[in-house]
1. Treating the angle as unsigned and between 0 and 90°, give the value, to the nearest 10°, between the Cα long axis of helix 276-288 and the longest Cα principal axis of the chain.
2. Rounded to the nearest 20 debye, what is the charge dipole size of region 82-336 about its Cα centre when +1 sits on each Lys and Arg Cβ and -1 on each Asp and Glu Cβ?
3. Using the Kirkwood radius built from alpha carbon pairs, what does the Stokes-Einstein equation give as D for the chain at 10 °C and 1.306 mPa s, in µm² per second?
4. Report the local net charge at GLY45: Lys and Arg +1, Asp and Glu -1, summed over other residues whose C-beta lies under 15 Å from its C-beta.
5. What is the sum of charges, Lys and Arg at +1 and Asp and Glu at -1, for the other residues whose Cβ falls under 10 Å from the Cβ of SER312?
6. Would you work out which of LEU224, SER137, VAL47 lies farthest towards the positive end of the dipole of the chain, given +1 charges on the beta-carbon of Lys and Arg and -1 on that of Asp and Glu, about the Cα centre?
7. Going through region 257-345, which trypsin sites (Lys or Arg not before Pro) have at most 12 other Cβ atoms within 10 Å and a DSSP loop state?
8. Taking Cα pairs under 8 Å and at least six residues apart, what relative contact order does region 82-336 come out at, in percent?
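Computed from the coordinates by the stated procedures, all read-outs in this text should not be read as laboratory data. In this text, all values refer to a predicted model and were calculated from it rather than measured experimentally. Here Cβ is always computed from backbone atoms with ideal geometry, including for glycine, and neighbour counts include all displayed protein chains.
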Amino acid sequence: MVVVMGERATEEQIDAVTARLVDLGMDVHRSSGVTRTVLGVVGTGSVEPALIQMMDGVHEVMRISEPYKLAGRTFRQEDTVVKIDDVCIGGDEVVVMAGPCSAESKEQVDAAASAVKQAGAKILRGGAFKPRSSPYSFQGHGEDGLKMLRNAATKYGLKLISEVMDVSQIELIGKYCDIYQVGARNMQNFTLLRELGLVQKPVLLKRGLSATIEEWLMSAEYILSGGNSNVILCERGIRTFETATRNTFDISAIPAVRKLSHLPVVGDPSHGAGRRDMVAPMARAAVAAGADGLLIEVHCDPDHALSDGAQSMFPEQFERLMSELRIIVPAIGRDICLESKTSNN
């Protein structure tokens, strides 16, 4: 249920409505728009809409048909903008996150961070804990990997995103990273999602391998219902009957989600195709379809990468892509970082 307060509703009236709903066993999530305050009401309690409608300051009470109450447009019409200092995801600018699949060595991480910064990325991506299909594959360097990534991000003035796989890792990763990444395999790890709802750092939630858009948004709901409104959705490709590519990058999900939800959505063409020769065209298509950002794997020596080398771009390929995006983005009325070949001092 959504309670829309009147344009002139006072703080006392809003607090009174909130207190009444809490007394009835509901959780209340406030969203303040340009002219009105909206209260998203979720929980297992029982509420009679007519009684709330009669309270002072209430303009309208609406039942929501979608199962995702807080992630939907009914709760919040305006687009959510996730802010990390001067970096805004979901605003006018298309933000690019790039870097190696995993932190392998100090030299490798530093070289990748330098390359993506020079090309115009604002966020360094890289894994320290790697969920692999085989238990014998490289699993990441753990905290040592996080230190490598944090040092490189700080050195080149980048924000940092890295994957969290388990509740036990939240505190550790939070010491080093600006954004938590929840991978496709953990999209329905509801215990992890609930705990991430209790932190205030942004969470990038990847779509599951076989998840519908509704299931994806319901997973976001777990985080939002915990009180963390800084959720970024990431389309990374789904599993279909097609075998020509590693996954099927669902471009149509981007405009579909933007219509259904106020949350920012980014595209991960690296995992979407699984081939570096297809990353650039998929990235261009994602931005043209309305993606608020991109998550791209870049490695200075991808042929010898310890993970996902086949889908990692060479730095020169990434730089070329960024140049192409600077042509596409203005055509759809948005902005992108204009930095290129900037000083690393």
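1. 30 degrees
2. Dipole size: approximately 140 debye.
3. 76 µm²/s
4. 0
5. Its environment carries a net charge of -3.
6. Of the listed residues, the answer is SER137.
7. Listed in order of number, the matching sites are LYS341.
8. Value for region 82-336: 20 percent.
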